[in-house]
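Structure first, then comments.
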Amino acid sequence: MAGHSKWANIKRQKARVDAVKGKVFTKISREIIVAARSGVPDPNGNFQLRTAIEKAKAAGIPNDNIDRAIAKGAGKLGPDNAALEAIRYEGYGPGGVAVLIEALTDNRNRTAADMREAFSKNGGNLGETGCVSWMFDQKGVVTITAAPAEEGRKRNRNATSSQIDEDALLEASLEGGAEFYELTQVDEAEGAEVFTEVANLENLSQVLKDKGYHVQQAELRWIPNNTMEVTDPDQARSLLKLMDALEDSDDVQNVTANFEMAEDLMSVTMA
């Protein structure tokens, strides 16, 4: 799991850079549209929509854009967005690394062609549905940091500093129905990722908030059952190029793979 957390942390850093470039606006807007369409177009009664809006605000997307995406999902700005559908693609990267892609698209043929090209240009192969998904389990993941001292004192004596108190976190995680947690860096601060069953994500997120933690993100994530260690620089470079190529597609929402890589190797190959 440690390798997966490192990759998740790098993806958060990449997301901040991409947000500056405007690359994530389309992806998150689509996520809001689908969330608003699949439930009530009110974040107070739609957890999926609420988390998508929080993600949009964290990425610096203007409120007008968020409101417009909600209106589209609610069918108030025309029917075109009803064509958006969720599709999962699966394949193998360099060295047989399993890759799982979640996409929202209004054109299956275009997206499939883009995925096939990304794999073929970077030493991989796009596979059939089900070829690698059996290697992953879907979990709810809540990413947190400790609350500032003053806020923590008001809400919970256990979350009163910028440091994560593991005893307090364990207690809060158990109360929220979590399966396990991992300490990790979140936006250059000490934080943690807390894992739970998919159906319990909203409850866990709320319990952690009530305990005084800052919930940075609550999301569904595919977790590999086992991982492959990547040590060859050439394979690492091709693999990370593949991940970048897949994530650069506006249609792609998330990319997950079952590799682990030393942080220094990852840094060198991404430089």
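Rule-based calculations on the coordinates, nothing more; no lab input. The structure presented is a predicted model; accordingly, all values stated were derived computationally and were not measured. Cβ: placed from backbone, ideal geometry, glycine included. Neighbour counts: every protein chain shown.
Taking the Cβ of each residue in S173, S267 as the centre, tally the other Cβ atoms inside 10 Å and list the residues starting with the fewest.
S267, S173
Could you go through segment 238-247 in sequence order and give the Karplus-derived ³J(HN,Hα) for each residue, using 6.51 cos²θ - 1.76 cosθ + 1.60 with θ = phi - 60°, rounded to whole Hz, and x for Gly and Pro?
5, 5, 5, 5, 5, 4, 5, 4, 5, 6
Nearest 20 debye, what's the magnitude of the dipole of segment 154-263 about its Cα centre given +1 on Lys and Arg Cβ and -1 on Asp and Glu Cβ?
Working: 8 positive and 25 negative charges, 100 e Å.
Around 480 debye, computed over segment 154-263.
So how compact is segment 189-271: Cα radius of gyration and Dmax in angstrom?
Answer for segment 189-271, Rg first and Dmax second: 16.2, 46 Å.
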